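The values are calculated or read from the model by the stated rules, or taken from the named source; none is laboratory data. Predicted model, so just to flag it, every value in this text is computed and none were measured. Reconstructed Cβ throughout: ideal geometry from the backbone, glycine too, with neighbour counts over all protein chains shown. The accessibility values were calculated without ligands, DNA or RNA, using every heavy atom of the protein model including side chains. Shrake-Rupley method; radii C 1.70, N 1.55, O 1.52, S 1.80 Å.
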Amino acid sequence: MSEGNLTEATNGNLSRDIFSSVLNILGIVGSMLFVCVAVMVVIEVVMRFIFRSPTSWVSEMVSWFTIAAAFFLVAYTLKEKGHSRVDFISAFLSKSSDYLLETFTTFLGLIFTGVLTWYGIKMVLASHMMGETSQVLQFPLWVVLSFVPLGGFLMTLQLLRFLWDKIRGLIRGETAQLPGGVKPKSFVATAIFA
């Protein structure tokens, strides 16, 4: 391996490791936020039914923490391949057909997360321009809403990593052959320029 290839591989692994570490940290933060949600709900139940003095802030905080936790965890869960998979179709497919189906669904996921990120950014900007605040705590809503495009962007990056890994595996011959004996390099060129 030449020095240039070694440097490129090291930089690529370093950026992958940094991104994975960021997702792992967000996974921990998201999990802790859900624990906080559970504690806040318990506090609200105790205050409401035992002390007959309900809180005014719990409902808003639970909503905000749930939004933040969900969008922190979505890219982490994708990285860990923890989302539910419906495999009753892919169970009957060959490896090459399964590869094509996974690549296709990854492209669909990229479209979805791109739209989510784009409209999430528009929603945050509109909320900021209108000066929207929460009803009880008067907290700027654009801060809470910013977790939507952040989570969408991180999911987009993770899906791009999956797609890159699939294409790289195909080029290196680590993936099953494609139907019809198509050579991996010609398939990649066709897929990119089609």
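In table form, for the structure just shown:
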item: For ASP98, solvent-accessible area (1.4 Å; no DNA, RNA or ligand), Å²; result: 40
item: At q = 0.09, 0.13, 0.14, 0.17 Å⁻¹, base-10 log of I(q)/I(0) for segment 1-158 (Debye sum, equal scatterers on each alpha carbon); result: -0.46, -0.82, -0.91, -1.11
item: Exposure of LEU100 as accessible area (Å², to 10), given a probe of 1.4 Å and all protein chains; result: 60
item: Solvent exposure ordering (accessible area, 1.4 Å, most first) of MET129, MET61; result: MET129, MET61
item: Fraction of accessible area attributable to carbon and sulfur, segment 1-159 (%, probe 1.4 Å); result: 71
item: Heavy-atom accessible area order for THR105, THR113, THR156, largest first, 1.4 Å probe; result: THR105, THR156, THR113
item: In Å², nearest 10: area of ARG48 left accessible to a 1.4 Å probe; result: 110
item: Descending principal axes extents, segment 23-62, alpha-carbon based, whole Å; result: 41, 15, 6
item: FRET efficiency for VAL29 and SER97, using Cβ-Cβ distance with R0 set to 45 Å, rounded to 0.05; result: 0.70
item: Probe 1.4 Å, accessible area per residue of segment 48-179, Å²; result: 63
